[in-house]
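Please treat every number below as a calculation from the coordinates, not as lab data. The model shown is predicted, which means the values in this text are computed figures rather than measured ones. All Cβ positions, even for glycine, are placed from backbone atoms using ideal geometry, and neighbour counts span all protein chains on display.
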């Protein structure tokens with residue numbers, strides 16, 4: 001008996017109609033588990049994006065007030081140049097700061113358009129000779145008191161706060177996501193097993209008339225893969241919502257990282273990964289169920 005796509009569609013449709021509640025319940029469980037796992041990846045990518053400014057061993061950044069005068073800016077520059085505890089520093093003007101702001105928050109048009117070049121503070125990115133946390137903190141405190149300085153953001157404090165918060169979030173998301181994935185595996189397994197049991201007589205008839213193993217197995221396997229695939233596909237709007245939620249988080253002391261947001265490119269690959277993972281989960285569970293309960 002030749003395998004036909006039309007037959008596969010009819011068999012699959014019939015199977016779903018027999019137990020729609022079980023199919024939907026399994027689909028929802030897969031959706032939730034993949035959303036939780038994907039949410040953890042979104043947090044990780046958002047943190048990586050947020051820490052993009054801390055490059056080339058920059059340990060703290062001196063933000064000047066947007067209204068700071070040229071003499072005040074020159075005074076900070078001269079102080080950094082003459083300070084024996086400063087290895088090197090980089091001056092970032094308003095144009096460069098605005099370009100970086102546009103890049104970091106390119107996913108949020110409203111935020112990206114809310115400020116102009118003139119609203120950007122100039123800054124100094126400083127690399128101390130000794131990166132010890134205590135020394136960096138002392139230097140940062142010294143420059144906070146200088147005239148014309150708006151704030152000083154130290155990498156050791158900022159990154160520690162962000163990693164502490166997001167690390168806990170990732171741990172929770174990973175553990176909960178894996179537990180839910182295990183539940184999803186069991187549900188797909190039970191769905192396929194229940195379907196096979198309900199149609200055992202039809203399977204026996206197909207075997208008697210010469211149906212191939214693939215012809216009999218295909219609808220059951222497709223049902224499992226379809227559940228996982230749909231569960232992964234539907235995660236996209238939920239992942240987008242979570243990313244938007246992160247972009248509105250603000251914590252005291254996180255002046256440089258007031259918004260966490262994963263880039264759109266990272267969101268796409270996370271979604272594709274969750275979709276592929278859903279299909280794999282469905283394929284594994286249905287294969288195991290078929291091997292145990294369909295002796296063909």
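Give me the number: length gained by fully extending residue 129 to residue 116, i.e. 0.36 nm times residue separation minus the C-alpha to C-alpha distance, one decimal in nm. Display every interim value, and only then the final one.
Values: separation 13, 0.36 × 13 = 4.68 nm, distance 3.46 nm.
Taking residue 129 through residue 116 to full extension adds about 1.2 nm, to one decimal.
Highest first, please rank the peptides 269-281, 87-99, 227-239 by the mean number of other Cβ atoms sitting within 10 Å of their residues. Before the final figure, lay out each step's value.
Working: 269-281: 19.7, 87-99: 15.5, 227-239: 21.5.
The packing order, highest mean first, is 227-239, 269-281, 87-99.
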If the chain between residue 201 and residue 24 were fully extended at 0.36 nm per residue, the gain over the current Cα-Cα distance would be 61.2 nm
